[in-house]
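The values are calculated or read from the model by the stated rules, or taken from the named source; none is laboratory data. Just so you know, these numbers come straight off a predicted model, no measurement behind them. Cβ: placed from backbone, ideal geometry, glycine included. Neighbour counts: every protein chain shown. Each accessible area value is taken on the protein alone, full model and side chains, heavy atoms only, with ligands, DNA and RNA left out. Shrake-Rupley method; radii C 1.70, N 1.55, O 1.52, S 1.80 Å.
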Amino acid sequence: NAWDLVVPECVPEHRPLRAEYEGVVIGAGCSGLAVAGGLARQGLSVLVLEEKSIGYGASSRNGGMVGPSFHQLGMVALTRKYGEEKTKSIMRSGLEALAYCRELFEKHHIDCDLQLTGRIRGARTKAHLNAIVAECARLNEAARFAYEVIGPSAMHRHTGSHASVGGVLYPLEGGL
């Protein structure tokens with residue numbers, strides 16, 4: 001497997017198993033290890049279970065993308081289902097999670113090469129662009145979600161394609 005040539009094997013320190021743990025985390029990816037580390041820093045005994053090696057799954061194979069990615073949730077549908085306050089809380093949680101990650105990496109000197117380079121979402125029609133911008137405005141009102149509307153020439157500069165009539169740049173998205 002070519003992937004095995006690029007990603008160094010991380011061999012954890014094996015310790016004897018205890019009879020009981022105060023917390024058990026399944027999965028040694030970015031999320032699982034962040035949770036386990038947080039529990040351990042609170043003084044809890046934690047067992048992390050991983051079928052493969054640390055970071056084997058999505059944490060090392062999906063490009064390590066980070067960011068709130070709110071556009072997939074849809075404010076209107078969520079508000080209809082959960083109400084306005086719960087929906088705003090959900091949206092703020094995405095930004096809080098990103099802030100938590102940034103603080104975690106800095107505080108514990110985790111060198112994961114975090115780069116918030118932004119992500120672009122293109123629109124093929126004016127109606128699609130208007131819908132994306134309207135959703136971003138709702139997100140900004142609910143959670144101070146940062147975005148920038150970009151026109152066709154900027155889309156071409158960013159993507160090399162003329163397929164979009166414009167789009168939105170999400171600056172708080174990136175990779176690690």
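Within the stretch 30-40, not a single residue is open to solvent by 100 Å² or more (accessible area, probe 1.4 Å) and modelled with pLDDT of 85 or more. Those helices (runs of 4 or more DSSP H) of the stretch 64-176 in which at least 3 residues are in contact (Cβ under 8 Å) with a residue 40 or more places away in the chain and either open to solvent by 70 Å² or more (accessible area, probe 1.4 Å) or closer than 30 Å to residue 33 by Cβ (or both), considering only elements entirely within it, cover 84-107, 126-143. Screening residue 167 with (1) under 19 Å from residue 95 (Cα atoms); (2) in contact with a Lys or Arg (Cβ under 6 Å, 6 or more places away or on another chain); (3) not polar (S, T, N, Q) gives one miss only, at (1).
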